[in-house]
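**Student:** Take a look at this one; I'll ask things after.
The values are calculated or read from the model by the stated rules, or taken from the named source; none is laboratory data. All figures in this text were calculated on a predicted structure; none of them were measured in a lab. Ideal geometry is used to build each Cβ from the backbone, glycine not excepted, and the neighbour counts take in all protein chains shown. All accessible areas refer to the heavy atoms of the entire protein, side chains included, with ligands and DNA or RNA removed. Shrake-Rupley method; radii C 1.70, N 1.55, O 1.52, S 1.80 Å.
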Amino acid sequence: DLEEGDYVKAGQLLAEVETERFKLNLAKAKAELASVKHELERVKKIHNQQLVSTDTYDKLKWQHEVAKSSLEIAKLDLKETKIIAPISGYIAKRYVKEGNFVEKYQRQKLFHIVDQSVLQGILHLPEQELSKLKVNQQADLHLTSKPGNPAIAHVERISPAVDAKSGTFRVTLEIYNN
């Protein structure tokens, strides 16, 4: 059972949503595809003999395509019952506990994982400094927690937009946390 503060590796199983409903949906989709495929093969033979209309045959071909898509969606839904860590890092927040009812889990957060190997900081600098900065430029950070020992960062992003109220622009710095 993973909790906040636990370290997880990319690809690690974090949780699994109850799979029974998704397995049943997959079986249903397979059966529907097999049924439509069988009917399509039967109608194709008699269509070639001009004993069934082209419209009927075309509708059945489209039903076959829909059934194939439904099967792929059912496979994807079943696959997504396994909640996998997308990155290595620490669980900063756990939004769900075992036994909670999770509906539409694809659209809600279950875990918040942070990678602390690279930290980001946002600075708002006066607009006259804009021309002096460039991406990947080194920046020395003088931290009160480490007097006389500046941390080395680099400029990750520079926003070209200047805030009209404050006269500042946004700079994102990255620092390796070692």
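**Student:** What single numbered condition from (1) under 32 Å from the mean Cα position of the chain (by Cα); (2) loosely packed, with under 12 Cβ neighbours inside 10 Å; (3) modelled with pLDDT under 90 fails to hold for LYS146?
**Tutor:** The failed condition is (1).
**Student:** So is LEU26 within 30 Å of ILE113 (Cβ to Cβ) and hydrophobic (A, V, I, L, M, F, W, C) or not? Write out each step before concluding.
**Tutor:** Details: within 30 Å of ILE113 (Cβ to Cβ): yes; hydrophobic (A, V, I, L, M, F, W, C): yes.
Criteria met by LEU26.
**Student:** Can you tell me which residue is modelled with the lowest pLDDT among those in the stretch 1-54 that are surrounded by fewer than 15 Cβ atoms within 10 Å (Cβ to Cβ) and among the small types (Gly, Ala, Ser)?
**Tutor:** SER53
**Student:** Between residues in the stretch 145-158 that are assigned to a strand (DSSP E or B) and residues that are acidic (Asp, Glu), which pairs lie under 8 Å by C-beta distance while being six or more apart or on different chains?
**Tutor:** Within 8 Å, the pairs are ALA151/ASP140; ILE152/ASP140; ALA153/ASP140; ALA153/GLU174; HIS154/GLU174; GLU156/GLU174.
**Student:** Further, regarding this structure: Do we find that ILE113 is open to solvent by less than 80 Å² (accessible area, probe 1.4 Å) and at pLDDT 85 or above in this structure? Break it down into steps so the answer makes sense when it comes.
**Tutor:** Numbers: open to solvent by less than 80 Å² (accessible area, probe 1.4 Å): yes; at pLDDT 85 or above: yes.
It is true that ILE113 is open to solvent by less than 80 Å² (accessible area, probe 1.4 Å) and at pLDDT 85 or above.
**Student:** Turning to a different aspect of this structure: Taking only the stretch 69-94 into account, find how many residues are open to solvent by 90 Å² or more (accessible area, probe 1.4 Å) and under 16 Å from the mean Cα position of the chain (by Cα).
**Tutor:** 3
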